[in-house]
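Read through the structure below, which is laid out as C-alpha cells, and then see the notes.
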Amino acid sequence: MPIAATPGFNIGAASQPPKCRNSLHSHRTAEVFFALKGRWRFFWGRWGTAGEVVMEKGDIINIPTGIFRAFENIGTDYGLIMAILGGDDAGGGVIWAPQVITDAGIMVWCWARTPSFMTPRKAPPCLKVSDPCSC
C-alpha cells in the first residue's frame, strides 16, 4: 500500500553546471542539504558573508530557519544536491534577500531597454538609480 501522506518534511533536488549559483534566500523552515555529486560552496547571512562551507559528495549541512543562504557549484562538472525542508508546505515559499529583489528589478528594467532581448545588459556595480543601464 502506498504512503498516503508524508507530514513534516519535503524533499527536493538541484542540479547545476559549474560556476552556477542561486541567489540569497530564506525559508520559514529549517533546510538540510546533502551533496550527492560535485563540489559546492554554501554561504549565508544578510549579504552572504556571515559564513561559508565547502561540501563534497556525502557531506550534509543544516541551514536554520530565517537565515539567508545560497549555494554555488564550485566543481568542474554538473553537481547534484538534495534538499530536505521541515514542514508540510516546503517552507511557505521563498523569502529573497532585499538586494536580490532590487537587482532583479534593475535587470528587468535593463532588458526592457535593450534593443534585442537576446543581448540583455547587466547593471554594472556603478549603477545610477536614475538610469542603471547607462554607466
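The values are calculated or read from the model by the stated rules, or taken from the named source; none is laboratory data. Because the structure is a prediction, the values reported are computed rather than measured. With ideal geometry, Cβ positions are generated from the backbone for all residues, glycine too; neighbour counts draw on all protein chains shown.
Does region 54-85 hold any residues that are surrounded by fewer than 13 Cβ atoms within 10 Å (Cβ to Cβ) and closer than 14 Å to His25 by Cα, and which are they?
Pro64, Gly66
Check Gly51 against each of (1) at pLDDT 90 or above; (2) surrounded by 15 or more Cβ atoms within 10 Å (Cβ to Cβ); (3) in contact with a Phe, Trp or Tyr (Cβ under 7 Å, 6 or more places away or on another chain) and name the one condition it does not meet.
Here Gly51 clears every test but (2).
So which residues in region 14-35 are surrounded by 14 or more Cβ atoms within 10 Å (Cβ to Cβ), farther than 10 Å from Glu72 by Cα and not charged (D, E, K, R), if there are any at all?
Ala14, Leu24, His25, Ser26, His27, Thr29, Ala30, Val32, Phe33, Phe34, Ala35 - these are the residues of region 14-35 that are surrounded by 14 or more Cβ atoms within 10 Å (Cβ to Cβ), farther than 10 Å from Glu72 by Cα and not charged (D, E, K, R).
So Gln99 clears everything in (1) within 15 Å of Ser23 (Cα to Cα); (2) modelled with pLDDT under 80; (3) surrounded by 14 or more Cβ atoms within 10 Å (Cβ to Cβ) except one condition, right? Which one?
(2)
Sort out which residues of region 37-63 are part of a loop (DSSP other than H, G, I, E, B) and within 15 Å of the chain's Cα centre (by Cα), and write them in order of number. Full working, then the answer.
Narrowing region 37-63 to residues part of a loop (DSSP other than H, G, I, E, B): 38, 45-50, 57-59.
Selection gives Gly45, Arg46, Trp47, Gly48, Thr49.
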